[in-house]
Amino acid sequence: MPFAIRPLTPVFAGEVSGVDCTAPLAPHEVASIDAGMDRYAVLVFRDQPLDDAQQIAFTRQFGELENYASPGHIRIQKEQRLGPGIADFSNLDRDGNIMSAEDRVWFFKLGDRLWHSDSSFRPNPAKYSLLSGRVIPSWGADTEFADMRAAYDALDPRTRAAVEDLVCEHSLMYSREAIGFTDLTAEERAAFTPVRQPLVRVHPVTGRRSLFLASHAGAIVGWTIPEARMFLRDLVEHATQPEFVYRHKWQVGDLVVWDNRQTMHRARNFDRNEVRDVRRTTLAGDRAIPASAAVGQAA
Ligand SMILES: [Fe+2]
């Protein structure tokens with residue numbers, strides 16, 4: 001079957017056929033997928049029964065793995081179920097049992113149900129995230145994606161001018177506070193020191209602008225916190241209207257790849273008594289390009 005991408009919504013997201021993600025890709029396949037990512041921002045690959053080593057090898061064909069070992073990060077404090085290079089987004093503890101509803105790791109995972117862009121709280125936020133569905137619950141557990149380019153394009157002129165040069169502060173603390181999880185250790189608070197990100201970022205290849213939003217964004221430089229929170233809340237509401245959203249219904253063997261530079265996503269509810277085993281590899285990104293640094297580029 002030849003390489004092809006079938007659009008999944010009128011504005012973004014596509015389903016790829018004609019690629020075997022478990023085997024090394026030819027250079028032209030890597031180039032086609034990269035070009036597809038630039039255009040669609042989310043790509044779905046069905047029937048890809050990856051093991052961890054294959055998922056890591058597939059990912060590394062597109063760049064360097066994100067590699068942070070910041071002490072104080074809750075997921076690193078606990079002993080890990082999986083090896084290096086791949087992150088555990090399951091509801092399982094290190095022994096393979098469903099984790100307790102009181103587990104602090106579970107509280108952190110629940111925060112992923114807020115709209116966000118992966119690693120926006122790091123100085124160099126993530127490029128692509130690749131999530132592999134290994135065990136899928138019988139109900140729920142969808143992942144939703146929102147196209148931040150289409151959201152930017154649809155801003156009214158006054159709001160578009162208002163966001164142009166704004167700088168936000170992102171921290172895991174803000175997104176966890178938003179679900180009432182404030183019981184963080186001093187070490188965690190130190191590890192979650194806010195980082196600054198432009199609210200409008202420019203894609204390095206296409207030059208398209210997008211809103212760089214996330215529930216990790218909790219402040220706007222020069223604004224009061226209440227004013228900033230309400231402004232950001234309104235923007236997220238605008239950016240996640242149904243016409244900008246693709247909802248992925250998982251099947252075992254799906255690999256979903258998204259570009260964090262031009263999308264947000266959120267996990268959805270499922271029965272926590274069922275196993276959900278999804279595993280993520282992440283590509284390191286560069287600093288976000290602000291609109292002010294891209295004058296003359298295509299808007
Ligand atoms: Fe995420």
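The values are calculated or read from the model by the stated rules, or taken from the named source; none is laboratory data. These numbers were taken from a predicted model, which means no experiment stands behind them. Neighbour counts are summed over all protein chains in view; Cβ atoms, including those assigned to glycine, are modelled from backbone coordinates with ideal geometry.
For the range 87-113, what are the residues that are within 19 Å of residue 259 (Cβ to Cβ) and of a type in the set (A, V, I, L, M)? If the condition is that a residue be within 19 Å of residue 259 (Cβ to Cβ) and of a type in the set (A, V, I, L, M), then 87 is the only one that fits.
Okay, residues lined up against (1) in a loop (DSSP other than H, G, I, E, B); (2) within 14 Å of the ligand (Cβ to nearest atom); (3) farther than 25 Å from residue 109 by Cα:
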position: 214; (1), (2), (3): yes, yes, no
position: 229; (1), (2), (3): no, no, no
position: 233; (1), (2), (3): no, no, no
position: 236; (1), (2), (3): no, no, no
position: 257; (1), (2), (3): no, yes, no
position: 264; (1), (2), (3): no, yes, no
position: 274; (1), (2), (3): yes, no, no
position: 278; (1), (2), (3): no, yes, no
position: 287; (1), (2), (3): yes, no, yes
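The set of residues from the range 94-116 being in a loop (DSSP other than H, G, I, E, B) and away from the ligand (no atom under 12 Å from the Cβ) comprises 94, 95, 96, 97, 99, 100, 101, 102, 103. A single member of 81, 122 is part of a loop (DSSP other than H, G, I, E, B), at pLDDT 95 or above and among the basic types (Lys, Arg), and it is 122. Before we move on, is residue 210 over 26 Å from residue 56 (Cβ atoms), within 14 Å of the ligand (Cβ to nearest atom) and small (Gly, Ala, Ser)? No; evaluated as a whole, the condition is false for this residue. Residues that are of a type in the set (Gly, Ala, Ser), surrounded by 16 or more Cβ atoms within 10 Å (Cβ to Cβ) and within 27 Å of residue 147 (Cβ to Cβ) within the range 5-58 comprise 13, 14, 32, 36, 41, listed in sequence order. Scan the range 79-109 for residues that are closer than 16 Å to residue 65 by Cβ and touching a residue at least 12 places away in the same chain (Cβ under 8 Å) and the total you get is 8.
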